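J.: Dropping a structure here in structure tokens format, bear with me for questions.
Every read-out reported here was derived from the displayed coordinates using simple, explicitly stated rules and does not represent laboratory data. Just so you know, these numbers come straight off a predicted model, no measurement behind them. Ideal geometry is used to build each Cβ from the backbone, glycine not excepted, and the neighbour counts take in all protein chains shown.
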Amino acid sequence: MNEMNRIYSSVFGNPSSLHRLGNEAEKILTESREIIAETLRVSPNEIFFTSGGTESNNWAIKGIARANKKRGKHIITSAAEHPSVLECFNYLISEGFSAEISGTDQSGLLDIESFIEKINDDTVLASFILVNNETGAIQKAEELIAAIRAKNKKTAIHIDAVQAYGKIPLNLKKLDADIVSISAHKIHGPKGCGALYIKENTRIIPILHGGGQENKYRSGTENVPAIWGFATAAKIIHENIEINRNKVKRLKSIVISELDKYFGSGGYFVNSPEDSYEGILNISFPNVKAQVLMQHLEAESIIVSTGSACSSRKNVQSHVLTAMNLPRERTEGAIRISFSGMNTEDEALRFTEALKSIVPKIRYR
């Protein structure tokens with residue numbers, strides 16, 4: 001046994017120190033949970049760490065639906081959701097659920113009246129994205145939630161706030177959602193880390209089983225360094241949320257102003273609604289293929305996307321813009337520009353100069 005302890009100590013350290021190290025890790029998790037909870041204005045025991053936004057959305061949707069299937073099997077979302085939401089709805093159809101996909105208007109916002117009409121006594125879950133990841137459209141969340149509660153108070157409400165967290169202020173107690181997804185990498189934290197807010201007494205079951213971590217709700221050893229990075233990023237970005245928002249608003253206005261002057265009316269289109277989140281701008285150029293434009297910009301070390309970052313490598317038109325019923329010339333030539341507090345005005349101007357040079361060369365007739 002002494003030899004075994006010697007070998008163990010040489011590799012892992014003194015066995016007697018493992019408990020202390022475990023306690024230190026637990027303290028980091030506790031403090032991180034408190035930081036994230038404070039930014040959302042909720043209790044720390046309502047925060048559960050995950051591997052990112054996709055897992056958070058999967059757990060929220062599947063966990064809620066399966067936990068409440070004896071009460072009803074009707075679930076509803078919008079056509080402009082992130083793929084990690086839409087694919088969950090498609091999957092749950094194979095488990096016997098009835099999935100309703102509601103449309104949007106041309107600004108990408110849900111038609112609240114139409115959405116509410118689709119909710120019935122069997123609706124166990126309503127899910128919607130707060131800030132659209134492709135257009136920046138901000139849903140009228142408080143109005144929508146109040147309408148859902150009035151129609152069926154037993155319907156659980158999930159919000160995909162991955163794109164909203166750290167960009168706009170969130171008070172989840174006031175918002176009155178049941179379950180909310182967030183992610184670290186959208187606020188310059190580590191990739192592969194996220195969290196799920198689950199309001200106390202919400203009926204949900206795990207989708208990962210094993211050692212019973214995260215209060216037996218989400219098994220799997222917690223990624224302590226990534227979680228601490230998430231909490232640190234959350235603290236920093238929330239201390240500067242208004243500063244960053246004003247900065248990206250300025251960058252967005254510079255880009256639009258320069259493009260207006262050069263391309264004029266009809267020379268390009270803004271697909272993001274006027275009151276969208278300032279850090280996202282979706283634009284189209286008629287007779288221009290988005291993939292071709294993206295490649296030319298990349299050659300200039302300017303990185304944009306043609307849709308969701310999770311699916312931008314696929315040469316397909318945006319399902320979000322399609323849901324908005326935009327004409328083909330706008331959907332096939334659309335690119336998404338993301339601004340952050342780390343960008344500069346010089347970068348915004350360099351981007352517009354690149355567009356002025358590239359777009360006329362690659363237009364087709």
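J.: How far, in degrees from 0 to 90, does helix 53-67 lean away from the longest principal axis of the Cα atoms of the chain, to the nearest 10?
T.: 70 degrees
J.: Taking the Cα centre of the chain as the origin, how large is its charge dipole in debye, to the nearest 20, when only Lys and Arg (+1) and Asp and Glu (-1) carry charge on their Cβ atoms?
T.: Numbers: 44 positive and 42 negative charges, 93 e Å.
Roughly 440 debye for the chain.
J.: For the chain, what is the percent of antiparallel DSSP beta bridges, rounded to the nearest 5?
T.: Numbers: 19 of 36 bridges.
Roughly 55 percent of the beta bridges in the chain run antiparallel, per DSSP.
J.: Could you tell me which of the pairs Lys69/Lys153; Lys261/Lys361; Lys27/Lys191; Lys151/Lys199; Lys69/Lys140 are separated by over 25 angstrom between their Cα atoms in the structure shown? Can you show the working numbers first?
T.: On the way: Lys69/Lys153 16 Å; Lys261/Lys361 18 Å; Lys27/Lys191 22 Å; Lys151/Lys199 20 Å; Lys69/Lys140 28 Å.
The answer is Lys69/Lys140.
J.: Still on this model: Taking just the alpha-carbon atoms of the stretch 227-310, what radius of gyration and Dmax come out, in angstrom?
T.: 15.8, 48
J.: At q = 0.08, 0.13 Å⁻¹, what is the log10 ratio I(q)/I(0) for the chain, with the Debye formula run over Cα points and no solvent?
T.: The Debye formula, applied to the Cα set alone, gives -0.45, -1.04.
J.: Hey, another quick one. If you place +1 on the Cβ of every Lys and Arg, -1 on the Cβ of every Asp and Glu, and leave all else neutral, what size is the dipole of the stretch 241-362 about its Cα centre, to the nearest 20 Debye? If you can, show how the numbers build up before the last one.
T.: Numbers: 15 positive and 14 negative charges, 61 e Å.
So the dipole magnitude of the stretch 241-362 works out to roughly 300 debye.
J.: May I have the extent of the alpha carbons of the stretch 19-79 along their three principal axes, as whole Å values ordered from largest to smallest?
T.: Dimensions of the stretch 19-79 along the principal axes of its Cα atoms: 47, 26, 20 Å.
J.: Grab the other residues whose beta carbon is less than 13 angstrom from that of Tyr91, score K and R as +1, D and E as -1, and report the net.
T.: Numbers: positive: Lys62, Arg66; negative: Glu87, Glu95.
With Lys, Arg at +1 and Asp, Glu at -1, the neighbours total 0.
J.: With a sphere of radius 12 Å drawn around the Cβ of Ala334, what net charge do the other residues whose Cβ falls strictly inside it have (Lys, Arg +1; Asp, Glu -1)?
T.: Values: positive: Lys289, Arg328, Arg330, Arg336; negative: Glu134, Glu329, Glu332.
Net charge around Ala334: +1.
J.: Separate question: So what is Rg over Rh here for the stretch 241-362, counting just Cα atoms and using Kirkwood for Rh?
T.: Working: Rg = 13.6 Å, Rh = 14.6 Å.
Taking Rg over the Kirkwood Rh, I get 0.93.
J.: Using alpha carbons only, how many degrees (0 to 90, rounded to 10) separate the axis of helix 241-263 from the longest principal axis of the chain?
T.: Helix 241-263 sits roughly 20 degrees off the main axis of the chain.
J.: Tilt of helix 2-12 relative to the longest C-alpha principal axis of the chain, in degrees (0 to 90, nearest 10)?
T.: It works out to around 20 degrees.
J.: Something else about it: How would you order 207-214, 132-139, 330-337 from highest to lowest mean count of nearby Cβ atoms within 10 Å? All intermediate terms of the calculation are to be shown ahead of the outcome.
T.: On the way: 207-214: 14.0, 132-139: 26.2, 330-337: 23.1.
Packing order, densest peptide first, comes out as 132-139, 330-337, 207-214.
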